[in-house]
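Engineer: I'd like to ask you about the structure that follows.
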Amino acid sequence: MQQAKYDAVPVGHYGLAAKDYTHFTSPIRRYPDLIVHRLIRTYGKGIADPKVVEKWKGQLPDIAVQSSQMERRSVDAERETESLKKAEFMMDKIGQEFEGVISSVTKFGIFVQLPNTVEGLVHISKMTEDYFNYIESHMLLMGERTGVIYRIGQKVKIKVENSDPVTRAIDFSLVIDKDKTQSQSDQDLVKQIRAKIPKGKKRKPGQSDRDSGPRKKTAKGKEPFYSRAGKKAKGKKDRGKKK
C-alpha cells in the first residue's frame with residue numbers, strides 16, 4: 001500500500017472501506033486539522049457563499065500537497081533524531097554483549113533489535129564462521145557448510161562493535177554459542193533448501209557475492225595492454241645511451 005496523503009478530491013478510505021472520509025480532531029497539532037474545522041464551519045450552516053466555495057477550490061489542492069510534504073518531513077526528522085539519540089546512547093556500550101531478536105534479513109547481513117528498541121547491523125563480512133547464502137524465498141541466511149540459518153524472529157546474542165552518531169550506524173557482531181543445537185524443524189528446512197540449490201565451488205567464510213564473482217578475461221590470444229609497457233620504456237632508455 002502507498003503512504004496516505006491529503007487530497008482535495010474525496011477518494012474515500014481504503015482501510016475503513018468508507019466512500020467519504022476526513023479526520024476530525026482538536027486543531028492543536030496539525031494544520032490539516034485546522035483546515036477541516038474551517039471547512040465544517042463554512043459548510044455546516046448550509047449553503048455557503050459561492051465566492052467562498054471558489055476560494056476553497058483554488059486553495060485546497062495546494063494546501064493538501066503542502067500538508068503531505070510537511071508531514072513526511074516531520075516523520076523523517078523524527079526518525080533521524082531517534083537514530084541519532086540511539087547511536088549516542090550505545091557509544092559507551094561498545095564491547096558489551098546483549099540478547100536480541102533478528103528484525104530483518106538481507107543479503108548483506110542481519111539487523112538485530114535489542115529489548116530497548118535499539119537496532120544494529122551484523123554485516124555479512126563479520127559472519128566468518130561460514131559462507132552464508134541469502135535465500136530470498138524464505139528471507140533467511142543459510143551457512144553453506146554448517147547449515148546454520150538466521151531468520152526473522154530468531155533470538156541471538158550480539159556484541160556491540162561500533163556506534164557512530166554522525167552516520168547513525170550501529171554495528172553488531174554475533175556471539176556464537178557452540179553448544180547450541182539446531183532444532184529439527186530448522187534441520188528439515190535446511191535439507192529442503194539445499195535440495196534446490198545447485199552445487200558450486202566452496203567459498204571462504206565472510207566472503208560476499210561480489211568477492212566470489214568471475215574475473216574478467218582478456219580476448220583469446222591477446223596480452224593485457226600493460227604487459228609490454230615496461231619493455232617499451234626500457235627499450236627507449238637503452239636507445240638513448242651512448243655506446
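Rule-based calculations on the coordinates, nothing more; no lab input. As the structure is a computational prediction, the values presented were derived from the model and not from experiment. Neighbour counts run over all protein chains shown; Cβ positions are idealised from the backbone, glycine included.
Engineer: Taking the highest mean first, how do the peptides 46-53, 79-86, 99-106 order by number of other beta carbon atoms within 10 angstrom per residue?
Structural biologist: 99-106, 79-86, 46-53
Engineer: Let me ask something additional. Before anything else, pin down the relative contact order of the stretch 1-93: Cα pairs under 8 Å, at least 6 apart, normalised by residue count, whole percent.
Structural biologist: It comes to 28 percent, rounded to a whole number.
Engineer: Additional query: Restricting to Cα pairs below 8 Å that are 6+ residues apart, what does the relative contact order work out to for the stretch 94-194? Please round to a whole percent.
Structural biologist: Relative contact order comes out at 28 percent.
Engineer: Report, to one decimal in Å, the Kirkwood hydrodynamic radius for the stretch 94-194 based on all distinct Cα pairs.
Structural biologist: Hydrodynamic radius (Kirkwood, Cα pairs) of the stretch 94-194 is 14.0 Å.
Engineer: Right, here's the next one. How many angstrom separate the Cα center of the stretch 18-59 from the Cα center of the stretch 130-164?
Structural biologist: Taking the Cα centre of each part, the stretch 18-59 and the stretch 130-164 sit 52 Å apart.
Engineer: Now for a separate question. Among rounded, prolate and oblate, which fits the stretch 1-93 when a ≥ b ≥ c are the square roots of the eigenvalues of its C-alpha gyration tensor, a/c under 1.5 means rounded, and a/b larger than b/c means prolate?
Structural biologist: prolate
Engineer: Return the long-range amide H neighbours of MET127 (sequence gap of 5 or more, or a different chain), with a cut-off of under 5 Å between placed amide H atoms.
Structural biologist: Those lying under 5 Å, H to H, from MET127: there are none.
Engineer: Separate question: How do the peptides 184-192, 107-115 rank, highest first, by the average count of neighbouring beta carbon atoms within 10 Å per residue?
Structural biologist: Per-residue Cβ counts within 10 Å, averaged per peptide and sorted highest first, yield 107-115, 184-192.
Engineer: Check which residues have an amide H placed less than 5 Å from PHE172's amide H, if you skip close sequence neighbours.
Structural biologist: LEU121, VAL122, HIS123, GLU161
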